Amino acid sequence: MAGGRPAPGRDFGWLWAAYGASALGTGLAFSAFPLLAITVLHQGAAEVASLAAVGAAVGAAVAVPLGPWVEFRRKRPVMIAMDLVRCAALLSVPVAYALDRLGLAQLLLVSVVVAAADITFGAAAGACLKALVRPEAMVTAQARLESTTWTATVVGPPLGGALIALLGPVATVAADAVSYLLSAAGIRAIRGREPRPQREKREKSGRHEKSERHEKSERHEKSARFADLVEGWRHILAHPLLRPLFLHTVLVNGLIMATAPLLAVLMLGPLGFTPWQYGLAFAVPCIGGLVGARLAPGLVERFGRHRVLLVAGTLRVCWPVGLVFVRPGVGGLLLVMAVELALITCIGVFNPVFAAHRLRVTETGRVVRTLTAWSVTGKAVTASLTALWGLLAGLIGAREAIGLAGVLLLATPLLLPRHEAGTDPRTDGVRVLPDGDKVP
């Protein structure tokens with residue numbers, strides 16, 4: 001028990017190690033597919049954009065029916081299976097490259113498979129962690145996972161660049177694939193007993209007796225499966241605390257991500273920043289995420305979960321509007337770094353508290369479907385807003401479109417829950433592993 005806070009335990013240590021391995025692999029392979037499309041396949045901007053948007057969107061759609069399937073199965077075998085699926089899909093890329101058979105269609109297919117596996121793994125991991133870690137140690141556990149995310153974001157891309165320079169353009173993809181093998185090994189090492197979800201037995205019994213069912217029973221079963229598909233969205237939209245938080249987080253993440261390509265175009269184009277300056281402007285501020293995550297447990301203990309959620313959620317949207325004032329030169333670079341540092345620090349505080357709140361008010365039997373619905377919606381909204389803001393930038397300019405997103409972000413705190421939920425803020429919820437270990 002460090003600093004008066006209970007430790008999450010040895011089994012969490014294996015899960016944390018597994019997550020750290022895959023997070024580092026994702027950091028190493030940051031932007032690997034766009035880089036391959038541009039430098040190896042010589043594709044244009046439209047093809048590269050479609051690779052990013054279509055792969056994520058189709059992968060999210062594929063993941064929708066997997067939510068109910070995962071809900072009623074043991075989570076660790078599902079997580080291991082998703083790790084192995086991602087490993088196999090990614091390994092196909094260096095194999096095809098070595099055989100001189102790599103194409104855009106394969107990259108798109110792999111991105112779809114990985115995106116679907118990312119969502120499924122993340123939902124199963126949230127349920128697994130909720131069952132694995134004691135309530136009084138949850139805040140500490142989620143802060144450690146959040147810290148790992150930002151650490152991998154800081155060190156991964158530079159190391160990945162060095163790996164590409166030494167071993168070639170597919171080296172980071174191969175490293176990412178190996179990281180999922182290490183993740184699967186870490187999850188396999190967890191010794192705590194995982195209870196079998198109740199419905200799993202009923203489904204097995206149903207399959208055994210299916211030949212004796214009549215047509216009416218089959219129609220009823222199909223109706224039940226459809227109800228399972230939409231249960232996550234039903235739970236979110238009907239819940240007085242989850243609904244506003246859902247709208248807030250989906251809009252905030254979508255608006256922040258929608259401006260990322262526009263800022264890249266602005267900085268690398270008219271403002272004349274070099275690629276290394278652009279990378280530096282976003283890598284260094286990620287240290288703020290590590291600091292924020294380390295501060296989150298202490299802030300919750302001192303001020304309470306709800307107040308931290310409200311203040312951090314409000315502060316994180318105050319900074320992006322400042323990007324509209326970026327100019328060429330050192331001053332402009334420092335401005336971007338300052339804005340991103342403030343933004344990411346607030347995100348580092350908000351994310352663990354938000355994830356704790358979300359799982360605290362979600363019943364165990366609905367966790368996977370709820371997280372799947374949340375993740376799928378978030379990816380769809382982000383893809384839509386990114387496309388919309390691209391069109392908007394073509395009409396009014398990149399700087400103006402960035403400013404508009406910043407102004408809209410200022411209104412999103414109105415969606416945050418205003419009332420305390422009524423339970424001890426120090427013992428609620430758990431940190432859900434980020435989707436696909438990806439960080440903007």
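Against the definition (small (Gly, Ala, Ser), farther than 23 Å from residue 77 by Cβ and open to solvent by 10 Å² or more (accessible area, probe 1.4 Å)), how does residue 174 come out, yes or no? So residue 174 passes the test.
Can you find a residue in the range 77-88 that is modelled with pLDDT under 85, closer than 22 Å to residue 376 by Cβ and of a type outside the set (Gly, Ala, Ser)?
Keep residues of the range 77-88 that are modelled with pLDDT under 85, which gives none.
Checked the range 77-88: no residue is modelled with pLDDT under 85, closer than 22 Å to residue 376 by Cβ and of a type outside the set (Gly, Ala, Ser).
Listed by first and then second residue, the pairs with beta-carbon distance under 7 Å, at least 6 apart or on different chains, first residue in the range 148-169 and within 14 Å of residue 30 (Cβ to Cβ), second open to solvent by 30 Å² or more (accessible area, probe 1.4 Å) and not in a helix (DSSP H, G or I), are 156/30; 157/30; 160/30; 169/40. Contact annotation: residue pairs with Cβ atoms under 6 Å, 6 or more positions apart or on different chains, pairing a residue in the range 131-147 that is under 16 Å from residue 291 (Cβ atoms) with a partner that is of a type in the set (S, T, N, Q), are 146/351. Exactly one residue among 47, 71 is closer than 30 Å to residue 283 by Cβ and either over 19 Å from the mean Cα position of the chain (by Cα) or buried (at least 24 other Cβ atoms within 10 Å of the Cβ) (or both), and that residue is 47. For residue 387, the criteria (1) of a type outside the set (S, T, N, Q); (2) surrounded by fewer than 23 Cβ atoms within 10 Å (Cβ to Cβ); (3) assigned to a helix (DSSP H, G or I); (4) over 22 Å from the mean Cα position of the chain (by Cα) hold in every case but one, which is (4).
Looking at 95, 110, 78 in this structure, which one is free of Cβ contacts under 8 Å to residues at least 12 places away in the same chain and assigned to a helix (DSSP H, G or I)? Talk me through it step by step, then tell me what you get.
Working: 110 fails: free of Cβ contacts under 8 Å to residues at least 12 places away in the same chain; 78 fails: free of Cβ contacts under 8 Å to residues at least 12 places away in the same chain.
The conditions single out 95.
Restricting the range 177-194 to residues that are open to solvent by less than 60 Å² (accessible area, probe 1.4 Å), under 20 Å from the mean Cα position of the chain (by Cα) and not small (Gly, Ala, Ser) leaves a set whose member that is farthest from residue 12 (Cα to Cα) is 180.
It is to be established whether one or more residues within the range 34-41 are of a type in the set (S, T, N, Q), modelled with pLDDT of 75 or more and not in a helix (DSSP H, G or I).
The initial filter retains those residues of the range 34-41 that are of a type in the set (S, T, N, Q), namely 39.
With modelled with pLDDT of 75 or more added as a condition, the list becomes 39.
Keeping just the survivors that are not in a helix (DSSP H, G or I) gives none.
Taking every residue of the range 34-41 in turn, none turns out to be of a type in the set (S, T, N, Q), modelled with pLDDT of 75 or more and not in a helix (DSSP H, G or I).
Condition check: open to solvent by 10 Å² or more (accessible area, probe 1.4 Å) and in a helix (DSSP H, G or I). Does residue 154 satisfy that?
Working: open to solvent by 10 Å² or more (accessible area, probe 1.4 Å): yes; in a helix (DSSP H, G or I): yes.
Judged against the criteria, residue 154 is a match.
Among residues of the range 323-347 that are more than 15 Å from residue 288 (Cα to Cα) and of a type outside the set (D, E, K, R), those with a beta-carbon under 6 Å from a residue that is open to solvent by less than 20 Å² (accessible area, probe 1.4 Å) and part of a helix (DSSP H, G or I) at least six positions away or on a different chain give the pairs 323/339; 323/402; 324/402; 324/403; 326/332; 326/336; 333/281. Residues in the range 298-337 that are within 22 Å of the chain's Cα centre (by Cα), among the aromatic types (Phe, Trp, Tyr) and part of a helix (DSSP H, G or I): there are none.
Return the total of residues in the range 113-137 being surrounded by fewer than 18 Cβ atoms within 10 Å (Cβ to Cβ) and assigned to a helix (DSSP H, G or I).
Of the range 113-137, the ones surrounded by fewer than 18 Cβ atoms within 10 Å (Cβ to Cβ) are 131, 134-136.
Now drop any that are not assigned to a helix (DSSP H, G or I), which leaves 131, 135-136.
Of the residues in the range 113-137, 3 are surrounded by fewer than 18 Cβ atoms within 10 Å (Cβ to Cβ) and assigned to a helix (DSSP H, G or I).
If I ask for residues that are of a type in the set (Ser, Thr, Tyr) and closer than 17 Å to residue 179 by Cβ, which ones from the range 85-110 would you list? Break it down stepwise before answering.
We begin by selecting, within the range 85-110, every residue of a type in the set (Ser, Thr, Tyr); these are 92, 97.
Result: 92, single match.
Are any of the residues in the range 314-322 out of contact with any Ser or Thr (no Cβ under 9 Å at 6 or more places or on another chain), crowded, with 19+ Cβ neighbours inside 10 Å, over 22 Å from residue 139 (Cβ atoms) and not basic (Lys, Arg)? There is at least one residue in the range 314-322 that is out of contact with any Ser or Thr (no Cβ under 9 Å at 6 or more places or on another chain), crowded, with 19+ Cβ neighbours inside 10 Å, over 22 Å from residue 139 (Cβ atoms) and not basic (Lys, Arg).
Only one of these conditions is not met by residue 73: (1) part of a helix (DSSP H, G or I); (2) over 26 Å from residue 258 (Cβ atoms). Which number is it? So residue 73 meets the others, but not (1).
Take residue 341 and tell me if it is within 25 Å of residue 403 (Cβ to Cβ), at pLDDT 90 or above and open to solvent by 10 Å² or more (accessible area, probe 1.4 Å). Talk me through it step by step, then tell me what you get.
Numbers: within 25 Å of residue 403 (Cβ to Cβ): yes; at pLDDT 90 or above: yes; open to solvent by 10 Å² or more (accessible area, probe 1.4 Å): yes.
Taking the combined requirement at face value, the residue satisfies it.
In the set 241, 247, 271, 263, only one residue is under 22 Å from the mean Cα position of the chain (by Cα) and crowded, with 19+ Cβ neighbours inside 10 Å; that residue is 263. Residue 146 meets all of the listed conditions (1) outside any loop (DSSP other than H, G, I, E, B); (2) under 24 Å from residue 74 (Cβ atoms); (3) charged (D, E, K, R) but one, namely (2). Taking (1) among the polar types (S, T, N, Q); (2) out of contact with any Gly (no Cβ under 8 Å at 6 or more places or on another chain); (3) closer than 19 Å to residue 248 by Cβ in turn, residue 384 satisfies each apart from (2). Could you go through the range 274-283 and let me know if any residue there is open to solvent by less than 40 Å² (accessible area, probe 1.4 Å), among the aliphatic types (A, V, I, L, M) and more than 30 Å from residue 358 (Cα to Cα). Yes - at least one qualifying residue is present in the range 274-283.
The values are calculated or read from the model by the stated rules, or taken from the named source; none is laboratory data. Since this is a predicted model, take the numbers as computed values, not measurements. Methodologically, a virtual Cβ is constructed for each residue, glycine included, from the backbone with ideal geometry; neighbour enumeration extends over all protein chains shown. Heads up: the accessible areas ignore ligands, DNA and RNA and are worked out on the full protein's heavy atoms, side chains in. Shrake-Rupley method; radii C 1.70, N 1.55, O 1.52, S 1.80 Å.
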